[in-house]
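Worksheet: one structure, shown below.
The values are calculated or read from the model by the stated rules, or taken from the named source; none is laboratory data. Because the structure is predicted, anything quoted here is derived from the model rather than measured. No Cβ is skipped: glycine too gets one built from the backbone with ideal geometry, and neighbour counts run over all protein chains shown. Note: accessible area is taken over every heavy atom of the protein model, side chains too, but ligands, DNA and RNA are not part of it. Shrake-Rupley method; radii C 1.70, N 1.55, O 1.52, S 1.80 Å.
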Amino acid sequence: MGRYVARRLLLTIPVLIGASFLIFAMVYALPGDPIRALAGDRPLSPAVAAQLRAQFNLGDPLLVQYAKYLGNLTHLDLGTDFHNRPVLEIISDRLPVTAKLTLVAVFFEAVIGLVAGVFAGIRRNGYFDNLVLVSTTLIISIPILVLAFLSQYIFGLKLGWFPIAGITEGWYSYLLPGLVLASGSLAYVARLTRTSVAENMRADYVRTARAKGLPHRTVIMRHTLRNSLIPVVTFIGADIGALLGGAIVTEAVFNIPGIGRAVFDAVRGQEGAVVVGIVTLMVFFFIFFNLVVDVLYAVLDPRIRYD
Amino acid sequence: MTSSSGYISSTPALEPNPTAGPVLEVEDLHVEFRTRNGVVNAVNGISYSVDQGETLAILGESGSGKSVSAQAIMGILDSPPAVIAGGGINFQGRDILKMNEEEQRQIRGPGIAMIFQDALSALNPVYSVGFQIGEMFRAHRGTSRKEAKQHAIELMDRVRIPAAARRVNDYPHQFSGGMRQRVMIAMALALDPRILIADEPTTALDVTVQAQVMDLLKDLQRDTGMGLILITHDLGVVNEVADRVAVMYAGRIVETGTVDDVFTRPAMPYTVGLMNSIPQVEAKGGRLQPIIGQPPNLARIPSGCPFHPRCPMARTGAAAAPDRDCVADLPPLRVVTVGREAACHYSEELLNG
Ligand SMILES: Nc1ncnc2c1ncn2[C@@H]1O[C@H](COP(=O)(O)OP(=O)(O)O)[C@@H](O)[C@H]1O
Ligand SMILES: [Mg+2]
């Protein structure tokens, strides 16, 4: 197992290099002049503009720019934004905010999704099962952007239950954005759990457990749910990485100063270094959580062995 | 965690009724599946009894209701859609079907235990075999986890799994088919059941392993004096270990008797067909003749004798004796000679002809 994890971790290095180059190239290919955009409506003297271009290597061809970026990376220098703020500082500033948002989202996803799925699966085709089926279909079919604006309008503006935007009210400000961010995955977890539980209820080993005279609760908890949760837990783990992508939209709509919001702003300002730094970090998290899932999978299911 | 009631040492459900006869007595048992496409009559009034130390073999084509009747006795039918539509199951003189849920649970394991055909799917893949065997002690006797594991090792030794102490923490997939079936047997025998139901215990195994597992079962039965209900396709095995045979067709018992009687002189044409269609050790080289036609659809069982569409002896109309028209009159299971019963209007002709 240790060797397997080490090999997987080593493999992330070429993946991250490739990913960062792709992102780099995409930012490079964006139309428009980032220095102009930075200046906005104010006139910018040609001398200052030229100096900025030189400072950020904007005049160099793509490959040269990228080589210089990688060179700086070797001593942990991720570059700066156009206001000379180190990208590393931006990340360390904003990552905790996104971490909180993701944590809230995963909490909703796991608790609501699992509970709904388990009860739907135990009594499949019952009233509750159908309710879950309809509501999850609805949630899955609505784009997250629409869901975000809708819930912001209804629960924030009209009903006033939650803050409309920002994070001034501590954890409470994360509830609504967290739920929005979780919604799609939550619906999927409910479906996955439901199917998995319903399938396991009919498994031969559950029949054996009953034939052994185990109490009903033991049959359900130990021999049905434990087995059913394997695919669900692994999905939730892998989904943490994917939630970071969804955070870009959610943080933009709810004006939450996390890394998602930072990427959103940086793309608009064509802040190459910021975009590359943060998105590459997101890619890393994605890979990392997938690795965690694979390890977890082997822990949960003794039939899975690596090496 | 409050169900301490399950751990009390004397369980009333398990105490024998002193006036009782056989350990297990099934009376006119009916099981049906109420499905969207209609009612499937899987078991239609079967009766049998098993005494201490006795082995009853149940034979029949697949789909004849052997497993469903066993599951009904175990209380592990899928309901819905399964419904026990009538009859009684007396265990040590008490009707299980009249007991409450908790009393029934207390019988599963210490009273009646069951082993299944496919041990790989019947064992939970995510728990060690020691844990799964030990669960019997923990659930029925409140034994500690550690002690239960110790019992598990002893049981694995008893079913002759080599290096039991080392393998107790292994998972089902780490065992061979034969060893896995031994684990199932160890689990079933953990609490010294009075009755063991073995549903095709060797069908999934290699021929050489089959014999070893059957030998083991036979030895264990001799040591414990439990009654054994053996559901099998293997007539050789039946010949070797069974005292009595019950042949099932379309959810009914159509013939019963001692192994010798039934095998040497069948009293029902279906039994004859069954003998000719299953390979037997003795009759090596003999031609196998499958029974013509399809097993009946249990949602629409044929009128009269359910076997009549496939029966070479079937008589109807003018050819039939009064009230013995195979297409119209259902033959009851009746005594044909001493100690044997058959459900055929013309058993005597088979026996004498
Ligand atoms: N879950 C179920 N739903 C509907 N019908 C079933 C179900 N399980 C079994 N049956 C019916 O019961 C009949 C007897 O099955 P079974 O007892 O398993 O046969 P066998 O004699 O091969 O063990 C089958 O032919 C099938 O029609
Ligand atoms: Mg069967």
Residue B:253 long-range amide H proximity, modeled H, under 5 Å
B:47
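What is the Rg over Rh value, at two decimals, for the stretch A:95-300, using alpha-carbon atoms and the Kirkwood definition of Rh?
Ratio of gyration radius to Kirkwood radius: 1.05.
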Under Karplus coefficients 6.51, -1.76 and 1.60, residue-wise ³J(HN,Hα) of the stretch B:193-199 in Hz, glycine/proline x:
x, 7, 10, 10, 9, 10, 8
Give the accessible surface of chain A per residue, rounded to a whole number of Å², with probe radius 1.4 Å and ligands, DNA and RNA excluded.
51 Å²
Could the peptides B:299-305, A:99-105, A:12-18 be put in order, highest first, of the mean number of other beta-carbon atoms found within 10 Å of their residues?
A:99-105, B:299-305, A:12-18
Please figure out what share of the DSSP beta bridges in the stretch B:24-248 is antiparallel and state it in percent, rounded to the nearest 5.
55 percent
Counting sequence-distant residues (5 or more places) and residues on other chains, those with an amide H built under 5 Å from that of residue B:55 are B:228, B:243, B:244
Which one, B:305, B:187, B:71, is farthest towards the positive end of the dipole of chain B when Lys and Arg carry +1 and Asp and Glu -1 on their Cβ?
B:187
Order these peptides, B:87-95, A:89-97, B:267-275, by their mean beta-carbon neighbour count within 10 angstrom, highest first.
B:267-275, B:87-95, A:89-97
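Rounded to the nearest whole Å², what accessible area per residue is found for the stretch B:174-238 with the 1.4 Å probe?
Averaged over the residues of the stretch B:174-238, the accessible area is 30 Å².
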Could you check how much of the accessible area of chain B is carbon and sulfur, as a whole percent, using a 1.4 Å probe?
50 percent
By how many degrees, 0 to 90 and rounded to 10, does the Cα axis of helix B:129-141 deviate from the longest principal axis of chain B?
90 degrees
Charged-residue dipole, Cβ positions (Lys, Arg, Asp, Glu), the protein assembly as shown about Cα centre, Debye nearest 20
1280 debye
Which one of A:71, B:162, A:218 has its Cα pushed farthest toward the positive end of the charge dipole of the protein assembly as shown, where Lys and Arg give +1 and Asp and Glu give -1 at the Cβ?
A:71
Amide H contacts under 5 Å for residue B:24, placed H, 5+ residues apart
B:50, B:92
So the FRET efficiency between residue B:319 and residue B:208, C-beta based with R0 = 45 Å and rounded to 0.05, is 0.35
Degrees, to the nearest 10: A:2-29 long Cα axis against longest axis of chain A:
50 degrees
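So what are the stretch B:128-275's ellipsoid semi-axes, whole angstrom, largest first, if each one is the square root of 5 times an eigenvalue of the alpha-carbon gyration tensor?
That gives 34, 16, 12 Å for the three semi-axes.
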Assuming a viscosity of 1.306 mPa s and a temperature of 10 °C, what translational diffusion coefficient in µm² per second does Stokes-Einstein assign to chain B, Rh being the Kirkwood radius over Cα pairs?
74 µm²/s
Inter-chain shielding of B:119-127 (mean C-beta neighbours from other protein chains, 10 Å cut-off)
6
With x for Gly and Pro, the residue-by-residue ³J(HN,Hα) of the stretch A:156-161, computed from phi through the Karplus equation 6.51 cos²θ - 1.76 cosθ + 1.60 at θ = phi - 60° and given in whole Hz, is x, 7, 6, 8, x, 6
Could you work out what % of the accessible surface of the stretch A:95-300 is carbon and sulfur, using a 1.4 angstrom probe and leaving DNA, RNA and ligands out of the count?
72 percent
Could you work out, residue by residue across B:94-107, how many beta carbons of other chains sit within 10 Å of that residue's beta carbon, and then give the average as an integer?
1
Take every Cα-Cα pair in the protein assembly as shown and report what % of them are more than 37 Å apart.
55 percent
Rounded to whole Hz and in sequence order, give me ³J(HN,Hα) for the stretch A:199-216 from the Karplus expression 6.51 cos²θ - 1.76 cosθ + 1.60, θ = phi - 60°, writing x for Gly and Pro.
5, 5, 4, 9, 5, 4, 6, 6, 4, 4, 4, 5, 5, 7, x, 6, x, 3
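With the alpha-carbon atoms as the only input, what is the per residue convex hull volume for the stretch A:36-181 in Å³?
Residue-normalised Cα hull volume stands at 205 Å³.
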In whole percent, what relative contact order does the stretch A:95-300 give with Cα contacts below 8 Å and a gap of six or more residues?
28 percent
Note to self: C-alpha centroids of the stretch B:309-353 and the stretch A:165-229 sit apart, in Å, by 57 Å
